[in-house]
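Presented below is the structure to which this report refers.
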Amino acid sequence: ETLDKGLEKTKTSFFTKLGKAVAGKSKVDDDVLDNLEEVLVTSDVGVDTTLKIIERIEARVAKDKYMGTDELNTILREEIAGLLSETHSGEDSEIRIPSNKKPYVIMVVGVNGVGKTTTIGKLAHQFKKQGLKVVLGAADTFRAAAIDQLQVWADRVGVPLIKQQMGSDPASVAFDTLSSAVKQDADVVIIDTAGRLHNKVNLMNELTKIKRVMQKVVDDTPHEVLLVLDGSTGQNAFEQAKQFTRATEVTSLAVTKLDGTAKGGVVIGISDQFQIPVKYIGVGEGIEDLQVFNKYEFVDSFFK
Ligand code: GDP
């Protein structure tokens, strides 16, 4: 269905490469493992996670003394599902809004261009469809275009956006947004934040300040910090995850642009390397093109 469609290019490419890795070989030997390592790395699974997978397969080959290449597909699939299970306990992993935390505050971070605004819009739409009252906050005040784009999405979805002029203090916008949400008895607040990775200290200071100011309105906020990564950018996505996880406590990931790319491996590598669950994947530009991440569906699509 949609996920299959969305990940079509991803799976075709991975599957084709996997076929080439074992071509003409009946048993898994060092050559096949070398080829497999290359397939995983070029599929953006990341070096560390690739080595982990290869080691696990080597251990199984050593234990059973023999592994046919015809079994490799199944075994690799088990190992990848196992890795995903370490960070994704349930079948799917959407953000569920508890009724005892009102408003539930989601702070969204990520660099410009990754699809942050679009993801916020799609997410607001999903929550609204669940009957929840949503308020958005435009705390990425650095670019006028960021505020305008978020306004376009707020109008499209039909939810209020709290904003100030470009260049105003992001923490002040966040404060206003939470105050307004409390006044309106809203269920969910989604705050857009600075999209530039100028330097680690600035980023950390800015995010810390936003948090501190938000806590003046609602205790223990934000409840979630959602990092948006562009799944088509491979190593850049890993690098951004590294920077943001150093600057703040990221609780969940959204990986975008998995519709037009052969880079779905990023999902496997990033969740493993940073031990943070992927909760959503973006599979298009439309309002409905955000899917709750389901590890079984993902693995199915990756291997079909
Ligand atoms: P931001 O700068 O991070 O806020 O990025 P935007 O939300 O403005 O998105 C940048 C571009 O990526 C826009 O053209 C979006 O339509 C596009 N985009 C966002 N998410 C997806 C996705 O999942 N798939 C595709 N194909 N495009 C996306």
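The values are calculated or read from the model by the stated rules, or taken from the named source; none is laboratory data. Quantities reported herein were computed from a predicted structural model and do not represent experimental measurements. Backbone-built Cβ (ideal geometry, glycine too); neighbour counts: all protein chains shown.
Confirm whether residue 203 is in a helix (DSSP H, G or I), of a type outside the set (Ser, Thr, Tyr) and within 16 Å of the ligand (Cβ to nearest atom). So residue 203 passes the test.
Screening the stretch 111-129 for residues that are small (Gly, Ala, Ser) and either within 11 Å of the ligand (Cβ to nearest atom) or within 15 Å of the chain's Cα centre (by Cα) (or both) and picking the one that is surrounded by the fewest Cβ atoms within 10 Å (Cβ to Cβ) gives 113. Taking the residues in the stretch 242-256 that are modelled with pLDDT of 95 or more and within 16 Å of the ligand (Cβ to nearest atom) as candidates, determine which candidate is farthest from residue 43 (Cα to Cα). Step by step, filter the stretch 242-256, then rank; the result is 250.
Does residue 141 qualify as being among the hydroxyl-bearing types (Ser, Thr, Tyr), in contact with a strand residue (DSSP E or B) (Cβ under 8 Å, 6 or more places away or on another chain) and either in a strand (DSSP E or B) or crowded, with 18+ Cβ neighbours inside 10 Å (or both)?
Here the answer is no, as residue 141 does not meet what is asked.
When the stretch 225-244 is filtered for residues that are surrounded by fewer than 19 Cβ atoms within 10 Å (Cβ to Cβ) and touching a strand residue (DSSP E or B) at 6+ places or on another chain (Cβ under 8 Å), only 236 remains. Residue 46 falls short of the stated requirement of being closer than 16 Å to residue 299 by Cβ, away from the ligand (no atom under 16 Å from the Cβ), small (Gly, Ala, Ser) and under 21 Å from the mean Cα position of the chain (by Cα).
Looking across the stretch 174-196, the residues that are within 16 Å of the ligand (Cβ to nearest atom), surrounded by 16 or more Cβ atoms within 10 Å (Cβ to Cβ) and not polar (S, T, N, Q) come down to 190, 191, 192, 194, 195.
Of all the residues that make up the stretch 266-290, how many are in a strand (DSSP E or B) and either within 10 Å of residue 92 (Cα to Cα) or at pLDDT below 95 (or both)? Reasoning before the result, please.
Narrowing the stretch 266-290 to residues in a strand (DSSP E or B): 278-282, 290.
Cutting the leftovers down to either within 10 Å of residue 92 (Cα to Cα) or at pLDDT below 95 (or both) gives us 278-280.
Adding up the residues that qualify gives 3.
Being of a type in the set (Asp, Glu), outside any helix (DSSP H, G or I) and out of contact with any strand residue (DSSP E or B) (no Cβ under 6 Å at 6 or more places or on another chain) is true for just one of 34, 44. Which residue is that? Walk me through how you get there before you give the answer.
On the way: 34 fails: outside any helix (DSSP H, G or I).
Going through 34, 44 in turn, the sole match is 44.
Between 171, 181, the distinction of being closer than 23 Å to residue 97 by Cβ and either of a type in the set (Val, Ile, Thr) or at pLDDT 95 or above (or both) belongs to 181 only.
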